[in-house]
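All remarks here apply to the structure that follows.
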Amino acid sequence: MKPFTGSFTQQEAIGEDAIADAVDVLRSGRLHRYNVAAGETSAVARLEAAYADYQGARYCLACASGGYAMAIALRAAGLEPGAQVLTNAFTLAPVPGAIKAAGGRPVLVETTDDLVVDLGDLERKIKQSKARIFLLSNMRGHLADMEALSALLADHNVTLIEDCAHTMGASWNGKKSGNFGLAGCFSTQTYKHLNSGEGGLLTSDDAMFMARVIMLSGSYMHYGRHGAAPDKTVFETIRFETPNMSGRMDNLRAAILLPQLRRLDENIGRWNKRYQAVAKRLGAVPGIRLPARQPAEQYVGSSIQFSVPDITHDHARAFVAANKALGVDIEWFGADEPEAFTSNYHSWRYLEDQPLPHTDRVLAGLFDMRLPLTFSLEDCDHIASIITYCHEQMRLKGAA
Ligand SMILES: *Cc1c(COP(=O)(O)O)cnc(C)c1O
């Protein structure tokens, strides 16, 4: 088997148009979002307007990171110190981290075999806990039945905030991910769908909520210089009551995001071609299971997950190593010690102990792989061949 030599962490270069816009910002010296010349609209304000338009949301705030967006969203939604917040057990470390940052206590909800939140367990935990907010993580781009989820939360009067780090540009039945609850939180960190190194976007249709997150983000009294903010009068009642928790975006990052946003839908098509190329091959391998995708789900295949149900820990480690030896970087969610990133809730030991037997079973056999746009369709085919080969070798040895 010929090894693969591409890099799983290599994103595409920033486009020349974005580089030129970034150089213009540098030449101006006005990098701070509120530092504008007479008559000028800052790049951050233009990004907010453009992203609100893309998302189909009334308001948008650009900020420092996706994790920061979630933390201020929780505060602005009225989270009280020490209050419980529901969230997915299967998610990435910044999600429970944001709940902690906002003073909340995460209550984890089980995941299904298809990697979405288990609505039965969600209902149980809504009843058992005192949580009034659900921070839904659309982890790895998998969307739960959003109509059923919304109905359940409405029945129990629970506020929804969506973590859309992996669903920027995705939809459920034509409605964009991020538009189902009070707010959508997005990340523009390098491994997401837009790349400014670090960055976050927060959208909502709620004027008072948006006024609060804008104040929290550290707007001083410059909320009039925002690109997609509510009317100034909305700020009157809260502007002295809302603390400044600085986490602004700067014009340099906004300048490189604007041209990328114009190409986002085209890139989603390119990601999905890569995803489908790998999924078609792996889906045909006996012993490998792909999470089901619902017809209502318009996903963004920027990464792929598959499981080898009932694989032992030793075999899982050997399988990852065999792929690695042939140049294919797959991550395993079942490892006892986190490597590179942490998506196993057992690594978040600052949380209260909460048994999640089904999630444990899912994570024990779950693998993940990035699909950067620097990979060609031939690369995807090559990678799928290597994974299939390593799986077959493992099967011949009597495992899985
Ligand atoms: C990346 C990520 C975030 C937010 O990331 P930041 O690095 O804070 O921008 C949130 N949720 C998930 C699931 C993520 O993968």
Fully extended contour minus Cα-Cα distance, from Glu392 to Phe240, at 0.36 nm per residue: 48.3 nm
Mean Cα-pair separation over length for the stretch 16-262, i.e. relative contact order, pairs under 8 Å, 6 or more apart, %: 28
Per residue, the convex hull volume that the Cα atoms of the chain enclose (Å³): 135
On Cα atoms only, tilt of 377-396 relative to the major axis of the chain in degrees: 50
Relative contact order of the stretch 264-396, pairs being alpha-carbon contacts under 8 Å that are 6 or more residues apart, as %: 36
Separation of the Lys100 and Arg293 label points, Cα + 7 Å toward Cβ, nm: 3.4
Antiparallel bridges, percent of DSSP beta bridges restricted to the chain (to nearest 5): 60
Selection of trypsin sites (Lys or Arg not before Pro), the stretch 72-150, meeting DSSP coil and at most 15 other Cβ within 10 Å: Lys130
Prolate/oblate/rounded call for the stretch 1-135, Cα gyration tensor, a/c under 1.5 rounded: oblate
Pairwise centroid distance, computed over Cα atoms, of the stretch 100-130 with the stretch 294-308, Å: 21
Largest-first principal axis extents, alpha carbons of the stretch 264-396, Å: 43, 38, 27
Rounded percent of accessible protein surface that carbon and sulfur make up, the chain, 1.4 Å probe: 51
Estimated FRET transfer efficiency (Thr312, Ala151; beta-carbon r; R0 30 Å; 0.05): 0.15
Burial order of peptide ranges 181-187, 270-276, 346-352 (average beta-carbon count within 10 Å, highest first): 181-187, 270-276, 346-352
Largest-first ellipsoid semi-axes for the stretch 174-239, taking √(5λ) over the Cα gyration tensor eigenvalues, angstrom: 24, 16, 9
Asp113 paired with Lys175, simple spin-label distance in nm, labels 7 Å along Cα-to-beta-carbon: 2.8
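Which value, in Å², gives the accessible area per residue of the chain when a 1.4 Å probe is used on the protein heavy atoms?
Per-residue value: 42 Å².
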Anisotropy class of the stretch 81-154 from Cα gyration tensor, a/c 1.5 cut: oblate
The stretch 243-316 - Rg (one decimal) and Dmax (whole number), Cα, Å: 18.8, 56
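The values are calculated or read from the model by the stated rules, or taken from the named source; none is laboratory data. Predicted model only: the values in this text are computed from it and were never measured. Virtual Cβ from ideal backbone geometry, glycine too; neighbours counted across all protein chains shown. For the accessible areas, the whole protein counts, side chains as well, though only heavy atoms, and no ligand, DNA or RNA atoms are used. Shrake-Rupley method; radii C 1.70, N 1.55, O 1.52, S 1.80 Å.
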